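To start, the structure under review is shown below, and the notes come after it.
Every number here is computed from the coordinates shown, using simple stated rules; none is lab data. Everything quoted here is computed from the prediction, not taken from an experiment. For neighbour counting, all protein chains shown are included, and Cβ atoms are generated from backbone atoms with ideal geometry for every residue, glycine included.
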Amino acid sequence: MTETEITSNNISETVLTYSGIMVTALVGAVGAYTVFNSPVFVYVIVLAALQLAMVIYSILLSKGRTLHLVFWLEALCISALLFLVPSSFIIILTMVWLVQAVELFGIRRSAQLLLASQAMFLVAQLSYFEYTNWLMILISIFLYGLLQVFSITIVQRAINERQQREQMAALNRELIATRDLLSQASAQSERVRIARDLHDILGHHMTALILNLEVASHSVEGQPKEKVDQSLAMAKLLLSDLRSTVGELRDDSAINLEDSVKKLVAGIPDFAIDVDFSDAPQIEDVDVAETFLRCTQEALTNVLRHSNADRCSISMSGNEAGCTLSVSDNGSADSTIEPGNGLKGMLERVRARGGTLDWQQNEDGFQLSVTLNTAATA
């Protein structure tokens, strides 16, 4: 997605947010003006102000369980205003309320709430006009109902587009992280191959040369022996340098998993992620590194989809024998975690590598730990 598209989407969401706040404020003000000389004026003012405050809070500030509570309090305020203000335009407040419903519960539940709001509107209008103006009541219900349907449809479409953008961004991050890991694995294989060839071919030839020079040094005298001894010393030095180079190539074969993880989490909007691999040991087995990366990917997906957290920590620690990856968030413990396909898939992947996977949830959030043997397989 281009930077222009991202900016356009952010502007659209901002316009939708603040237009909902402005509509709530305007409808509340007009409703209060309508009953200005009525005994219910004070009640309408209080309810309209409370409704506006709750809309601002729910749209801009609230998260988790509090958002659901505020949502139903808004429903009570709107219901009261429908009965206190005789004008039909008060039902416009339900459009903002239904927009929030789509975000919270999805399109099906929102459609049910739409019908409930229409029923409440019908009862309120009948309480004012009884059956003397039933045709106008039916027209109002039909017109406002169409506007409500239009509102939730537009919002659902926006949500679908946002989810598609997030999925595309997640897939792009996963591809970049996987490409980085594969690139490192390819480089590692090439370094190991070069080190093996140097050791097996040049190393053996240099050893044979040294043996021949040692035999020659015992077979000659005088100036030729001095040259042979110099050649022997140079050959031994070359063999030592060769072994040192082979060792460096093998020592440099570790996978830099931290870089791959950082590419995996880069660019996630409105979510803080801390990556700490300062205590991580070297990982030379590509399969182990891939298992850790896939577990990180799935754990991060679960946090973004199923948690109300706004911060996540990814860390790794261990030694040459074993290593533990930890992924934790600050989401609230609103419900019991039931293992789904994601956790089950991680568990199967980890067990196939002879490792262990544990998770727990408490008041501090959700934490997942993956422990594997980090020694390279033969």
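Listed values, structure above:
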read-out	value
Charge dipole (debye, nearest 20) of region 255-373; +1 at Cβ of Lys and Arg, -1 at Cβ of Asp and Glu	360 debye
Spin-label model distance (nm) - Phe41 vs His306, 7 Å beyond Cα toward Cβ	5.5 nm
Mean Cβ neighbour count within 10 Å, used as a protection proxy, ranking 171-183, 47-59, 87-99 highest first	87-99, 47-59, 171-183
